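*Asks:* Have a look at the structure that comes next, please.
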Amino acid sequence: MTTRRDFLRTLGGGAAAALLPLPNVNPLSAGGIKYGYAAITWGGHDEQAIEEISAVGFPGIQLRAGVLSRFGDRPRELRDLLARHRLTFVALSSGNVSIDPALESRMIDEHVSHAKFLRDAGGLYLQLIDERPKGREVTSGDHERLGRLMTEIGKRTADLGIPLAYHPHMGSMGEKPADIERILAASDPRYVRLLLDVAHYREGGGDPVAAVRQHADRLLFLHIKDVRHGSTAGAPYQFVELGRGSVDLPAVFAALRDVRFNGWAVVELDAVPDKGGTAKESAEISKRYLQDVVGADLRR
């Protein structure tokens, strides 16, 4: 099995060079894309994540709602911390949305409150993931209710200057492409945009390249992610650093170039996949892949 060290060595040598076209003519490079990295890999150690993501060289960061436990009443302190590290606060993972009617008001208030924090901390986008109903199958009515609820939240975050992105996810109501289509159709595209996670979309049975082309007008930002199969006991798949899995990332970036996507692409890795590795090392592997294979420009 290819080790982390072998992979870095390979990317640094002739094999990676063979994948590259002539200098300054990389057909995969989409010049307008900006690159961020998600702090989820650091498991809630957000200040360490900020320090190390900046040190690796990514210009943007995505944080989770847990950051409010430290900075919830001091958003400007977080804003200043990110500025010192020259990081753009690309997105806040605001948490799950339940369609339980008894929780609707709480859902709206909670996510609008997170949007206010995000605005005051200098952030750009709010991410929402849905929550499957417990103890029963999902119905088409559930998809419609979710679309309406996210539209209501999105209207209110838009008033704050914060666009909302729906993140289809394995284990959610938007796991499969047909489910995602129903949810998007039930929501107002003015207030609910799409966060396409290329690995989750693939695991749900979809083609992320086709999704980029189909939803080009609705894409707010992306999670750039890779996944491999059969590598961990008891798990059907495992998320890994870019280039170590089976997602056709060059084709994804070619599609982004074709549709002239000029937004943020956030690299995400839920946890370090290999024993003994660190979150920073994983970020370095993915950065190297973006630069050497995709031709990404990570300059701030």
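*Asks:* Quick test of your reading of the structure: Phe117 fulfils all but one of (1) surrounded by fewer than 15 Cβ atoms within 10 Å (Cβ to Cβ); (2) of a type outside the set (A, V, I, L, M); (3) at pLDDT 95 or above. Name the failing condition by number.
*Replies:* (1)
*Asks:* Restrict the check to the range 274-282 and report whether at least one residue is among the polar types (S, T, N, Q), modelled with pLDDT of 95 or more and either crowded, with 18+ Cβ neighbours inside 10 Å or assigned to a loop (DSSP other than H, G, I, E, B) (or both).
*Replies:* So far as the range 274-282 goes, yes, one or more of its residues are among the polar types (S, T, N, Q), modelled with pLDDT of 95 or more and either crowded, with 18+ Cβ neighbours inside 10 Å or assigned to a loop (DSSP other than H, G, I, E, B) (or both).
*Asks:* Scan Val272, Val294, Val259, Val267 and give me the residue that is touching a Gly at 6+ places or on another chain (Cβ under 8 Å) and of a type in the set (Val, Ile, Thr).
*Replies:* Val267
*Asks:* For the range 288-300, how many residues meet the condition of being under 22 Å from Phe261 (Cβ atoms) and surrounded by fewer than 22 Cβ atoms within 10 Å (Cβ to Cβ)? Outline the logic, then answer.
*Replies:* The first filter runs over the range 288-300 and keeps only residues under 22 Å from Phe261 (Cβ atoms), leaving 289-300.
Retained after the next criterion (residues that are surrounded by fewer than 22 Cβ atoms within 10 Å (Cβ to Cβ)): 291-293, 295, 297-300.
The qualifying residues number 8.
*Asks:* Out of (1) touching a residue at least 24 places away in the same chain (Cβ under 8 Å); (2) surrounded by fewer than 20 Cβ atoms within 10 Å (Cβ to Cβ), the odd one out for Tyr201 is which?
*Replies:* So Tyr201 meets the others, but not (2).
*Asks:* Same structure, new question: Among the residues in the range 218-226, are any out of contact with any helix residue (DSSP H, G or I) (no Cβ under 9 Å at 6 or more places or on another chain) and not polar (S, T, N, Q)?
*Replies:* yes
*Asks:* Which of the residues belonging to the range 256-273 are over 17 Å from the mean Cα position of the chain (by Cα) and in a loop (DSSP other than H, G, I, E, B)?
*Replies:* Those that are over 17 Å from the mean Cα position of the chain (by Cα) and in a loop (DSSP other than H, G, I, E, B): Val259, Arg260, Pro273.
*Asks:* While we're looking at this one, here's another question. Looking only at the range 135-143, decide whether some residue is surrounded by 17 or more Cβ atoms within 10 Å (Cβ to Cβ) and in a helix (DSSP H, G or I).
*Replies:* The answer is yes; a qualifying residue exists.
*Asks:* Of the conditions (1) over 16 Å from the mean Cα position of the chain (by Cα); (2) crowded, with 21+ Cβ neighbours inside 10 Å, Ala211 fails just one. Which one is it?
*Replies:* Result: Ala211 fails condition (1) only.
*Asks:* Which condition breaks for Asp46 when tested against (1) surrounded by 18 or more Cβ atoms within 10 Å (Cβ to Cβ); (2) in contact with a helix residue (DSSP H, G or I) (Cβ under 7 Å, 6 or more places away or on another chain); (3) closer than 25 Å to Arg193 by Cα; (4) modelled with pLDDT of 95 or more?
*Replies:* So Asp46 meets the others, but not (3).
*Asks:* Looking only at the range 243-255, decide whether some residue is crowded, with 20+ Cβ neighbours inside 10 Å and part of a strand (DSSP E or B).
*Replies:* no
*Asks:* Tally time: how many residues in the range 66-103 are under 26 Å from Arg136 (Cα atoms), assigned to a helix (DSSP H, G or I) and of a type in the set (A, V, I, L, M)?
*Replies:* Residues meeting the conditions: 2.
*Asks:* A follow-up question, please. Can you work out which of the residues in the range 156-167 that are in a helix (DSSP H, G or I) and over 18 Å from Leu103 (Cα atoms) is farthest from the chain's Cα centre (by Cα)? Break it down into steps so the answer makes sense when it comes.
*Replies:* As a first pass, look at the range 156-167 and keep what is in a helix (DSSP H, G or I): 156-159.
Keeping just the survivors that are over 18 Å from Leu103 (Cα atoms) gives 157-159.
Values: Thr157: 19, Ala158: 20, Asp159: 23 Å.
Filtering first and then ranking leaves Asp159.
*Asks:* So, one more: Quick check on my filter: what residues within the range 258-273 are surrounded by fewer than 17 Cβ atoms within 10 Å (Cβ to Cβ), charged (D, E, K, R) and in contact (Cβ under 8 Å) with a residue 60 or more places away in the chain?
*Replies:* Arg260, Asp270, listed by residue number.
*Asks:* Could you list, in sequence order, all residues of the range 221-237 that are part of a strand (DSSP E or B), crowded, with 22+ Cβ neighbours inside 10 Å and either polar (S, T, N, Q) or touching a Phe, Trp or Tyr at 6+ places or on another chain (Cβ under 9 Å) (or both)?
*Replies:* Of everything in the range 221-237, those that are part of a strand (DSSP E or B), crowded, with 22+ Cβ neighbours inside 10 Å and either polar (S, T, N, Q) or touching a Phe, Trp or Tyr at 6+ places or on another chain (Cβ under 9 Å) (or both) turn out to be Phe221, Leu222, Ile224, Asp226.
The values are calculated or read from the model by the stated rules, or taken from the named source; none is laboratory data. These numbers were taken from a predicted model, which means no experiment stands behind them. FYI the Cβ positions are ideal-geometry reconstructions off the backbone, even for glycines, and counts take in every protein chain you see.
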